[in-house]
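The values are calculated or read from the model by the stated rules, or taken from the named source; none is laboratory data. Since the structure is predicted, the reported quantities are computational estimates derived from the model, not experimental observations. Please note: Cβ atoms are built from the backbone with ideal geometry, for glycine as well, and neighbour counts cover all protein chains shown. Only protein heavy atoms, including side chains, enter the accessible area calculation; ligands, DNA and RNA are left aside. Shrake-Rupley method; radii C 1.70, N 1.55, O 1.52, S 1.80 Å.
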Amino acid sequence: MATIEQEIQKRILVLDGAMGTMLQRYNFSEEDFRGDRFKDFPHSLKGNNDLLSITQPHAIREVHTKYFEAGADIVETNTFSGTTIGMADYHLEDIVYELNYESAKIAREVADEFTAKNPDKPRFVAGSIGPTNRTASMSPDVNDPGYRAVTFDDLRIAYKQQVEALIDGGCDVLLVETIFDTLNAKAALFAIEEVKEEKNINIPVMVSGTITDASGRTLSGQTVEAFLISVAHIPLLSVGFNCALGADLLKPYLQRLSRNTSLNISAHPNAGLPNAFGQYDQTPEEMQALIREYMKDNLVNIIGGCCGTTPEHIKLIAEVAAEFEPRKTIENQLA
């Protein structure tokens, strides 16, 4: 069975696109989000996309299938908000393990079906670990700068439960993504290392930060270089950036990352910037042209899409990725 570490040496791997963008196409109602199991639940559940892995699993399976059909090598589990901290908004902390396990299981089954059809192109499952809606580095209260809505230990405990379920469900790799606060990410990485030690396993880890604006920094104020140094103590499959920016605006930060690391680099930018209605207008062809520049400049080993991207985007990204060799570092070239 080929591993993701082996495949990343051979070619540029293609990550899937947005889950939320695809789920919006279903126009699920409150009743759909609830399903039979939660039909009498006392709180609103509409908008809890992670819950759909339990109440509408066919939709999640369809989205994974479409991305694999488009040429993706890796799909992400539908677990971006799958911690007790994220689920507290919906009063669903009690089902977090099940939610992550079921999400991973669905993705694993679809990946295995595609690998069985074409063993020369093995498909992989990345356990999606989002940043939560709280930040450990900054106060949410301008009048009390020392206050924190969450502690490192709160995050570590929440992430540990998520990580255990994702691994038990069959993930090949863990993706700590959309990192706006590196302290949150460090809690996730600490939890991953704990679980790896307890289970005596070695699962690859991807880390993907978010440059929030033209300042070139994360929300908690780190530059590209500072972010890289903050996560470099963990053995990583890849480091990269996703979300917030389109492919054109993200490129300078990938260039800076490339100059400073011999790790594999990943990128999954948005389909441009949102318009006045919050929609993403960048066409697959426009995005493909920008991604081609990444390849020409030897910037990435893993490429995919974030907000606004669809299987149509991923299909064209996969086509251009197939034309190029994966990013080579100076160390690779000398070896």
(message) Could you list, ordered by first residue, the pairs with Cβ atoms under 9 Å in which the first is in the range 214-225 and of a type in the set (Asp, Glu) and the second is open to solvent by less than 60 Å² (accessible area, probe 1.4 Å), at least 6 apart or interchain?
(response) 225/257
(request) Please determine, by comparing only the residues of the range 259-288 that are among the hydroxyl-bearing types (Ser, Thr, Tyr) and assigned to a loop (DSSP other than H, G, I, E, B), which one is least open to solvent (accessible area, probe 1.4 Å). (result) 261
(request) Return yes or no: is residue 66 in a helix (DSSP H, G or I), open to solvent by 40 Å² or more (accessible area, probe 1.4 Å), modelled with pLDDT of 95 or more and over 26 Å from residue 134 (Cβ atoms)? (result) yes
(message) Of the conditions (1) in contact with a Phe, Trp or Tyr (Cβ under 8 Å, 6 or more places away or on another chain); (2) assigned to a helix (DSSP H, G or I); (3) under 20 Å from residue 132 (Cα atoms), residue 163 satisfies every one except a single condition; which number is it?
(response) (1)
(message) Is it the case, given these coordinates, that residue 164 is touching a residue at least 12 places away in the same chain (Cβ under 8 Å), open to solvent by 40 Å² or more (accessible area, probe 1.4 Å) and within 26 Å of residue 16 (Cα to Cα)?
(response) yes
(message) I need the full set of residues from the range 187-211 which are in contact with a strand residue (DSSP E or B) (Cβ under 7 Å, 6 or more places away or on another chain) and either at positive phi or in a helix (DSSP H, G or I) (or both), in order please.
(response) 188, 189, 192
(message) I'd like to know if the range 305-325 contains one or more residues that are modelled with pLDDT under 95, more than 21 Å from residue 21 (Cα to Cα), of a type in the set (Asp, Glu) and in a helix (DSSP H, G or I).
(response) no
(request) Kindly indicate the residue of the range 77-98 that is part of a helix (DSSP H, G or I) and aromatic (Phe, Trp, Tyr) and also most open to solvent (accessible area, probe 1.4 Å) among those meeting that condition. (result) 97
(request) Among the candidates 148, 217, 156, 134, single out the residue that is of a type outside the set (S, T, N, Q), farther than 21 Å from residue 8 by Cβ, outside any loop (DSSP other than H, G, I, E, B) and open to solvent by 40 Å² or more (accessible area, probe 1.4 Å). (result) 156
(request) Could you please give the count of residues in the range 199-214 that are surrounded by 19 or more Cβ atoms within 10 Å (Cβ to Cβ) and closer than 23 Å to residue 161 by Cα? (result) 6
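Quick grid of which residues meet (1) aliphatic (A, V, I, L, M); (2) within 15 Å of the chain's Cα centre (by Cα):
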residue	(1), (2)
12	yes, no
23	yes, no
33	no, no
40	no, no
58	no, no
68	no, no
72	yes, yes
(message) Taking the condition of being open to solvent by less than 20 Å² (accessible area, probe 1.4 Å) and of a type in the set (Lys, Arg), how many residues in the range 289-335 meet it?
(response) 1
